[in-house]
């Protein structure tokens, strides 16, 4: 199906998301086609890109001369026929199923069979678009997050009939442009919105039930989840109607726990943003904390239970896409699985849902969830690939990552069928050295002995790599600093 990594990419729709996706592609050096229905729409899209690049220049992210170079890589057009030149097409039109289906039916005839067709939908099944397209095996979802030129997360969503080659080419493109891809099954909400939208909705339910006032809910959510903006401010920034639309979509597919609060619909009717004024108080704060955590724990465990995503990708989605300091499963481990189960059970009981078996069974084991930071894969040629999977921290080495890397390396080295070992990092870095934040925390806690032990383990790992009986290859396709080098 064509070249491995697409060289020319088309984006259909020059709105907020489409123009941002096109900007990111062009910034990374790709020939980019941007299509919309008329010239005014294209002009608005190009103006958005220009303004975003001006901001990047002002913040010294790019040089002044780079703006013209980036814009020169984008070819605006109203001619659908121009899409035939693309190796991959990303649909980013507004969320109307029939509009999208008409477009995909047309793409099936305009684009050669080798062209990968992707949708940026957040509301519909990918299969609903694939089924109207010639060669549905080349269709998948690429769900980017706002602002797509800045936010590194992308959910890669194959439907049941997506070919391995189409998936591989789309995945390689995301890595090529510096994105952090996570894989999702073709299920409502995919990964991140599956728990993020209920998090927003639960905040509104707490307000509707008068458990606490808005400033208190906002403050507690920011404090508990370690974020700069709470649910109400986030809805104001991204659009309150978008939150309502997302909750309605999930509610139709997944039931009462996901259905939108009546207060959310009422706020949309006013046409006004949420009023954020006022000081937080103590009334209801404890219940706000428990319910906001409980809804996230329930949904995160449920989506992993259903096979939508792995534990690791669920957490990466939160850290990269939402900029939460810790993902749902890291928080579950932090407060204890039994306590997390209690909070999730309360959420399930409140909305008539079943408690996810994954969470109940882990609580019965009395152990935290295992979180895989290093993946070991061995192919048919005997090549063992160790992937360091902490992309949001640039794969910086902390004790957990170091231990898993040592264990996986020992496992690969002990296998008789392994002829070579490849080390690579997920995301835009190979290894950004040691985790400085962990060092600072240990120093402040007076735990110098832990740092000495960590350093000794690092030396032992490096000796094992140097003395390995098979070739060891480091794939330096990103930053390599300190201990990574």
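The values are calculated or read from the model by the stated rules, or taken from the named source; none is laboratory data. Predicted, not measured: the structure shown is a model, and the values here were computed from it. Cβ: placed from backbone, ideal geometry, glycine included. Neighbour counts: every protein chain shown.
General observations
- Taken over the stretch 356-372, residues that are crowded, with 21+ Cβ neighbours inside 10 Å and under 20 Å from residue 409 (Cβ atoms) amount to 0.
- Near pairs, Cβ below 7 angstrom, 6+ apart or cross-chain, from the stretch 165-177 (not assigned by TED's automatic domain parsing to the domain that holds residue 152) to any residue that is surrounded by fewer than 20 Cβ atoms within 10 Å (Cβ to Cβ) and part of a helix (DSSP H, G or I): none
- Matching option when the condition is within 27 Å of residue 300 (Cα to Cα), free of Cβ contacts under 8 Å to residues at least 40 places away in the same chain and touching a helix residue (DSSP H, G or I) at 6+ places or on another chain (Cβ under 7 Å), among 140, 214, 117: 140
- With respect to (1) free of Cβ contacts under 8 Å to residues at least 60 places away in the same chain; (2) outside any helix (DSSP H, G or I); (3) not assigned by TED's automatic domain parsing to the domain that holds residue 478, the lone exception for residue 380 is condition (3).
- Selection count, the stretch 76-113, where residues are farther than 17 Å from residue 20 by Cβ and either in contact with a strand residue (DSSP E or B) (Cβ under 8 Å, 6 or more places away or on another chain) or in a helix (DSSP H, G or I) (or both): 26
- Residue, surrounded by the most Cβ atoms within 10 Å (Cβ to Cβ), within the stretch 40-54, restricted to residues that are more than 16 Å from residue 77 (Cβ to Cβ) and over 24 Å from the mean Cα position of the chain (by Cα): 50
- Options 204, 211, 288, 237; residue that is within 20 Å of the chain's Cα centre (by Cα) and either closer than 28 Å to residue 313 by Cα or at pLDDT 95 or above (or both): 237
- Whichever residue in the stretch 19-39 is assigned to a helix (DSSP H, G or I) and touching a helix residue (DSSP H, G or I) at 6+ places or on another chain (Cβ under 6 Å) and, among such residues, is surrounded by the fewest Cβ atoms within 10 Å (Cβ to Cβ): 27
- Residue within the stretch 117-126 that is more than 25 Å from residue 23 (Cα to Cα), at pLDDT 95 or above and crowded, with 16+ Cβ neighbours inside 10 Å present: yes
- Yes/no for residue 309 being buried (at least 24 other Cβ atoms within 10 Å of the Cβ), closer than 27 Å to residue 352 by Cα and touching a strand residue (DSSP E or B) at 6+ places or on another chain (Cβ under 8 Å): yes
- Candidates 410, 406, filtered to the one that is out of contact with any strand residue (DSSP E or B) (no Cβ under 8 Å at 6 or more places or on another chain), over 30 Å from residue 178 (Cβ atoms) and at pLDDT 95 or above: 410
- Counting residues in the stretch 157-175 that are surrounded by 18 or more Cβ atoms within 10 Å (Cβ to Cβ) and over 26 Å from residue 82 (Cα atoms) gives one or more.
- Candidate set from the stretch 344-361 (those that are part of a helix (DSSP H, G or I) and within 25 Å of the chain's Cα centre (by Cα)); member that is farthest from residue 311 (Cα to Cα): 347
- Where a residue in the stretch 186-207 is within 28 Å of residue 142 (Cβ to Cβ) and its partner, wherever it lies, is at pLDDT below 95 and part of a loop (DSSP other than H, G, I, E, B), with Cβ under 7 Å and at least six apart: 193/122
- Any chance residue 14 is part of a loop (DSSP other than H, G, I, E, B) and surrounded by 15 or more Cβ atoms within 10 Å (Cβ to Cβ): yes
- Failed criterion for residue 330 (all others in (1) in contact with a helix residue (DSSP H, G or I) (Cβ under 9 Å, 6 or more places away or on another chain); (2) free of Cβ contacts under 8 Å to residues at least 60 places away in the same chain; (3) assigned by TED's automatic domain parsing to the domain that holds residue 473 hold): (3)
- Any hit, the stretch 151-158, residues being assigned to a loop (DSSP other than H, G, I, E, B) and touching a helix residue (DSSP H, G or I) at 6+ places or on another chain (Cβ under 9 Å): yes
- Just one residue in the set 401, 423 is within 28 Å of the chain's Cα centre (by Cα), part of a helix (DSSP H, G or I) and surrounded by 12 or more Cβ atoms within 10 Å (Cβ to Cβ); that residue is 401.
- Of all residue pairs spaced 6 or more apart or on separate chains, those with beta-carbon atoms under 7 Å, a first member in the stretch 287-311 that is under 17 Å from residue 336 (Cβ atoms) and a second member that is assigned to a loop (DSSP other than H, G, I, E, B) are 298/356; 301/356; 311/369; 311/371.
- Taking the stretch 237-274 as the range and being part of a loop (DSSP other than H, G, I, E, B), in contact (Cβ under 8 Å) with a residue 40 or more places away in the chain and more than 20 Å from residue 294 (Cα to Cα) as the test, only 274 passes.
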